[in-house]
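The values are calculated or read from the model by the stated rules, or taken from the named source; none is laboratory data. Just so it is clear, the model here is predicted, and its values are computed rather than measured. Cβ sites come from the backbone with ideal geometry, for glycine too, and all protein chains shown count toward neighbours.
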Amino acid sequence: MPNRQLTRSTSNRIIGGVAGGIAAYTGIDSGIVRLVATLLILFTGIGPGVVAYIILWIILPSDNGGSTGLDQLIGAFKSGNQNNNPNPNDLR
């Protein structure tokens, strides 16, 4: 059996690719995974389902060998905080 790793899908995604990644890992159609996730969220309350999705998005790497969701957040935060001033001593 080949080594498989649970990842976020970059090609089969609607929000963050978590359901697409779970579908690819389990071999189940992504529509079914999304339907089951939606039903679980509706019956257990929005809180736990959304928290689980966010946690999976944060910790799972993308399937193209890319970064995790946390890496993407940090990168977006850093790029948003960079000023366009090449000289840090120049106080324009």
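Taking the condition outside any helix (DSSP H, G or I), free of Cβ contacts under 8 Å to residues at least 60 places away in the same chain, surrounded by 13 or more Cβ atoms within 10 Å (Cβ to Cβ) and polar (S, T, N, Q), does N3 pass? It is false that N3 is outside any helix (DSSP H, G or I), free of Cβ contacts under 8 Å to residues at least 60 places away in the same chain, surrounded by 13 or more Cβ atoms within 10 Å (Cβ to Cβ) and polar (S, T, N, Q).
Checking each residue in region 13-24 for being surrounded by fewer than 18 Cβ atoms within 10 Å (Cβ to Cβ) and either among the acidic types (D, E) or closer than 14 Å to N64 by Cα (or both) picks out only R13. Which pairs do you get when a residue that is more than 13 Å from T38 (Cβ to Cβ) and part of a helix (DSSP H, G or I), found in region 49-60, comes within reach of a residue that is modelled with pLDDT under 90 and among the β-branched types (V, I, T), reach meaning Cβ atoms under 7 angstrom, with the pair 6+ apart or on two chains? What qualifies is I58/T68; I59/T68. Kindly check whether there is at least one residue in region 24-42 that is touching a residue at least 40 places away in the same chain (Cβ under 8 Å) and outside any helix (DSSP H, G or I). No.
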